[in-house]
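The values are calculated or read from the model by the stated rules, or taken from the named source; none is laboratory data. Computed from a predicted model, the values in this text were never measured in an experiment. All Cβ positions, glycine included, derive from the backbone under ideal geometry; neighbour counts span all protein chains shown.
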Amino acid sequence: MLELHHSTHSTCSQKVRICLAEKGLAWHSRHVNLRAFEQLEPAFLALNPDAVVPVLVHDGCVIRESLVINEYLEDVFAAPALRPADALARARMREWTLYVAEEPTWAVKTPSFDKNIRPEIAGKYGDAQLAAIAARMPNRDTAARWVKAVKEGFGEAELQASLARLAKTLDRMQGALAEGPWLAGDTYSLADVDMAPFVHRIAHLGETAMIERRPRVAQWYARMRARPAFQQAMSWRP
């Protein structure tokens, strides 16, 4: 049995849901309400002491980190394949999945916090409550970002710096897509699955023009949006 502990709008949860949908796998949802801090509860911390979603539980075995989860799903459920047959193309795919984990995953956090989280929670907590919640967060950078979002928000310079990092991601994609319709070449792969939620988030941050200025990226995003698995994963609601 597959159980996914995930959150609706979490980009990393979305990329695992895309992978599950592409493979046509049945799974049990264990939705984690991040706004209610369910990720900080003992039951979830027992699954992932880092307090982040998603977490996959397969027949009682726990797998953490979305990049690792998607590779695990590919190893265990090989068809339909989401890794290229060619060794070099597989290497290119893994370059992309690692890049997604190291760059856009973090670059998107500041504008996402500012646009999506701050309007909902600003003014909701007093200083003592903020300190108590932040103290429970295992990652100190996440705790500091959350407190800043709640108390004061982010300055224009911070937001623009994050958007500039995301623009570089799109530039990198634009270059890679000159070699084929997908990020690793001719084959749709985990590179595309893992990147898709972040391009989608850029669009939903009101930065569609960043995508449209890069025609190959815009065409790739249109191909992604047309895939039933993408539609299913992104429309999921608890």
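Within region 1-19, the only residue that satisfies the criterion of being under 18 Å from M195 (Cβ atoms), in contact with a strand residue (DSSP E or B) (Cβ under 7 Å, 6 or more places away or on another chain) and among the hydrophobic types (A, V, I, L, M, F, W, C) is V16.
Taking the listed residues L98, L130, the one that is over 21 Å from the mean Cα position of the chain (by Cα) and outside the structural domain of V52 (by TED's automatic domain parsing) is L130, with no other qualifying. I'd like to know if region 11-18 contains one or more residues that are within 23 Å of Y125 (Cβ to Cβ) and of a type in the set (S, T, Y). Checked region 11-18: no residue is within 23 Å of Y125 (Cβ to Cβ) and of a type in the set (S, T, Y). For A131, the test of being in a helix (DSSP H, G or I), modelled with pLDDT under 95 and buried (at least 17 other Cβ atoms within 10 Å of the Cβ) is failed.
Can you pull out every residue in region 134-167 that is assigned to a helix (DSSP H, G or I), among the acidic types (D, E) and surrounded by fewer than 12 Cβ atoms within 10 Å (Cβ to Cβ)?
To start, the set of residues in region 134-167 that are assigned to a helix (DSSP H, G or I) comprises 134-136, 140-151, 156-167.
Now narrow it down to the ones that are among the acidic types (D, E): 141, 156, 158.
Within region 134-167, D141, E156 qualify.
Inspect all residues belonging to region 182-190 and state whether any of them is within 20 Å of the chain's Cα centre (by Cα), part of a helix (DSSP H, G or I), buried (at least 17 other Cβ atoms within 10 Å of the Cβ) and not basic (K, R). Yes: one or more hits. Flag: L20 does not match the condition of being modelled with pLDDT of 95 or more and in contact with a Cys (Cβ under 7 Å, 6 or more places away or on another chain).
Residues in region 1-19 that are assigned to a helix (DSSP H, G or I) and either of a type in the set (D, E, K, R) or farther than 14 Å from S66 by Cα (or both): K15, R17. Taking each residue of region 212-227 that is more than 10 Å from M173 (Cα to Cα) and surrounded by 16 or more Cβ atoms within 10 Å (Cβ to Cβ) and looking for partners that are among the aromatic types (F, W, Y) and modelled with pLDDT of 95 or more with beta-carbon atoms closer than 9 Å, six or more apart or interchain, yields M224/F230; R227/Y188.
Do we have I63 as outside the structural domain of P111 (by TED's automatic domain parsing) and more than 15 Å from the chain's Cα centre (by Cα) here? In short, yes.
A178: surrounded by fewer than 17 Cβ atoms within 10 Å (Cβ to Cβ), modelled with pLDDT of 95 or more, in a helix (DSSP H, G or I) and touching a helix residue (DSSP H, G or I) at 6+ places or on another chain (Cβ under 7 Å), yes or no? Explain how you work it out, then say what you get.
On the way: surrounded by fewer than 17 Cβ atoms within 10 Å (Cβ to Cβ): yes; modelled with pLDDT of 95 or more: yes; in a helix (DSSP H, G or I): yes; touching a helix residue (DSSP H, G or I) at 6+ places or on another chain (Cβ under 7 Å): yes.
Against the criterion (surrounded by fewer than 17 Cβ atoms within 10 Å (Cβ to Cβ), modelled with pLDDT of 95 or more, in a helix (DSSP H, G or I) and touching a helix residue (DSSP H, G or I) at 6+ places or on another chain (Cβ under 7 Å)), A178 qualifies.
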